[in-house]
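Participant: Just dropping this structure here.
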Amino acid sequence: MKFYLIVILTLLRRLLGTLFCHFPSMHQQIRALLLKIIQIDRGRVDYSKFIADLSQELNIANRVKVVHNVYLPTLLKNAIGTITINSIVGLSSVYHETPVICLDRAMYNIERLTAKDVDLDGVWCLEFGSSSE
């Protein structure tokens, strides 16, 4: 299965909304968006209703999944790429050779190590190579 792993941080509802709107519903090569809520947010911010409502509104609900306690190495080895703001998951993605897009400053957001300077309009156009299905 091909998917993007998206790491959500506090107060990023607007970014998530923008990302969902940019996710092309007709693009069948990307089967899912997996949203990993970081541990610090799980007890403080409940994104589930927002994610469910927005994905339903945009007709992508069957392709959006929220994950919490997952074995990250397996997830990253099977992902097309990781989209993050600034998370340690991005660094783990680099380690596991999963392409990374950082939407903010991160110490590992270095040209040739990540897809540096790619914005949301360019995310879905990147050629990341093939991933296991």
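Table: residues versus (1) out of contact with any Gly (no Cβ under 9 Å at 6 or more places or on another chain); (2) surrounded by 12 or more Cβ atoms within 10 Å (Cβ to Cβ); (3) at pLDDT 85 or above.
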| residue | (1), (2), (3) |
| --- | --- |
| 76 | yes, yes, yes |
| 109 | no, yes, yes |
| 118 | yes, yes, no |
| 122 | yes, yes, no |
| 125 | yes, no, no |
| 131 | no, yes, no |
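Participant: Can residue 34 be described as closer than 18 Å to residue 89 by Cβ, modelled with pLDDT of 80 or more and not in a helix (DSSP H, G or I)?
Facilitator: Judged against the criteria, residue 34 is a match.
Here's the yes/no breakdown for (1) among the small types (Gly, Ala, Ser); (2) at pLDDT below 85; (3) out of contact with any helix residue (DSSP H, G or I) (no Cβ under 6 Å at 6 or more places or on another chain):
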| position | (1), (2), (3) |
| --- | --- |
| 7 | no, yes, no |
| 16 | no, yes, yes |
| 45 | no, yes, yes |
| 51 | no, no, yes |
| 60 | no, no, yes |
| 65 | no, no, yes |
| 68 | no, yes, yes |
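Participant: Can I ask one more? Quickly run through the range 89-99 and pick out the residues that are closer than 16 Å to residue 110 by Cβ and more than 12 Å from the chain's Cα centre (by Cα).
Facilitator: Within the range 89-99, 91, 92, 94, 95, 97 qualify.
Participant: Tally time: how many residues in the range 94-113 are among the hydroxyl-bearing types (Ser, Thr, Tyr) and under 16 Å from residue 30 (Cβ atoms)?
Facilitator: Within the range 94-113, residues that are among the hydroxyl-bearing types (Ser, Thr, Tyr) and under 16 Å from residue 30 (Cβ atoms) number 1.
Participant: Taking the range 52-81, which residues are part of a loop (DSSP other than H, G, I, E, B), under 15 Å from the mean Cα position of the chain (by Cα) and within 14 Å of residue 23 (Cβ to Cβ)?
Facilitator: 60, 80
The values are calculated or read from the model by the stated rules, or taken from the named source; none is laboratory data. Computed from a predicted model, the values in this text were never measured in an experiment. Positions of Cβ are backbone-derived with ideal geometry, glycine not excepted, and every protein chain shown enters the neighbour counts.
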